[in-house]
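Before any comments, here is the structure.
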Amino acid sequence: MTASDPLLERSWRRAWQALHATPPHDLQQAILAAYAEPQRHYHTLQHLSECLAHFETVAYQARHPGEVEIALWFHDAVYDVKGKDNELRSARWAVQVLDDNGVAEAACRRVHALIMATCHESTPEDDEARLLVDIDLAILGAAPGRFAEYDTQVRAEYAWVPRPIYALKRRQVLKGFLQRKAIYATSHFHALLEQQARSNLQRAVA
């Protein structure tokens, strides 16, 4: 996946047009550079592009599609593998940029909330947050080969964690998704990915 990918260019223009704002000329490159940082193995341009591709199929479901799309661009913009506040820092960066470029305060608040929903601490109440979270979790329902690649990529990001500890914590996380009544909160992603996600997760924790 390259920074010149047509999907990235198309998405960037569409998001800002929907926000009725013009981004700083160097902002896209700054975000793309962030997703290309060397400590990243999963939270990369590949993940961003996969999210944006999913968004294109469901954009019509969003009340504020520009806000959801720009939230996807920023949702992993800050990624410290040992950090505990990546989502908060990503959200603050997004809001600072949006505010500086004339986006309405209410829209800024909604984008902040959307990004914070990717902490995945609970199922969001807001429909647009549910949509964004399902997009972020779509990797769980990927084809088995892509899911295996994702699992390897996540392990690489946590290479600093001793293997026994990582295995225990990772299994707890994956079992947490399996124990949910539904992994996906929207009807679109539930129908499309729920069965495959459960199959992938069961195989991973076995």
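The values are calculated or read from the model by the stated rules, or taken from the named source; none is laboratory data. Quick caveat: nothing in here was measured; it's all calculated off a predicted structure. Backbone-built Cβ (ideal geometry, glycine too); neighbour counts: all protein chains shown.
Some points to look at:
- Selection of the stretch 62-99 for residues being in contact (Cβ under 8 Å) with a residue 60 or more places away in the chain and among the charged types (D, E, K, R) yields Arg63, Glu67, Lys82.
- Test set (1) closer than 22 Å to Gln39 by Cα; (2) assigned to a helix (DSSP H, G or I) - Leu193 fails condition number: (1)
- When the test is whether a residue is of a type in the set (S, T, N, Q) and within 16 Å of the chain's Cα centre (by Cα), Gln153 passes it.
- The C-beta contact set for the stretch 5-33 (first residue farther than 14 Å from Ala71 by Cβ, second residue of a type in the set (D, E, K, R), distance under 6 angstrom, 6+ apart or interchain) is empty.
- For the stretch 196-206, the set of residues classified as assigned to a helix (DSSP H, G or I) and not β-branched (Val, Ile, Thr) consists of Gln196, Ala197, Arg198, Ser199, Asn200, Leu201, Gln202, Arg203, Ala204, listed by residue number.
- Number of residues in the stretch 189-206 that are basic (Lys, Arg) and either outside the structural domain of Ala167 (by TED's automatic domain parsing) or surrounded by 15 or more Cβ atoms within 10 Å (Cβ to Cβ) (or both) equals 1.
- The set of residues in the stretch 159-188 that are in contact (Cβ under 8 Å) with a residue 60 or more places away in the chain and crowded, with 17+ Cβ neighbours inside 10 Å comprises Ala185, Thr186.
- Scan the stretch 112-121 for residues that are under 14 Å from Leu72 (Cα atoms) and over 13 Å from the mean Cα position of the chain (by Cα) and the total you get is 2.
- Whichever residue in the stretch 6-44 is under 18 Å from the mean Cα position of the chain (by Cα) and not in a helix (DSSP H, G or I) and, among such residues, is surrounded by the most Cβ atoms within 10 Å (Cβ to Cβ): His43
- Answer residue from the stretch 57-108, given it is surrounded by 13 or more Cβ atoms within 10 Å (Cβ to Cβ) and among the charged types (D, E, K, R) and is nearest to Ala191 (Cα to Cα) among those: Glu69
- Every listed requirement among (1) at pLDDT 95 or above; (2) surrounded by 17 or more Cβ atoms within 10 Å (Cβ to Cβ) is met by Glu149 save one, (2).
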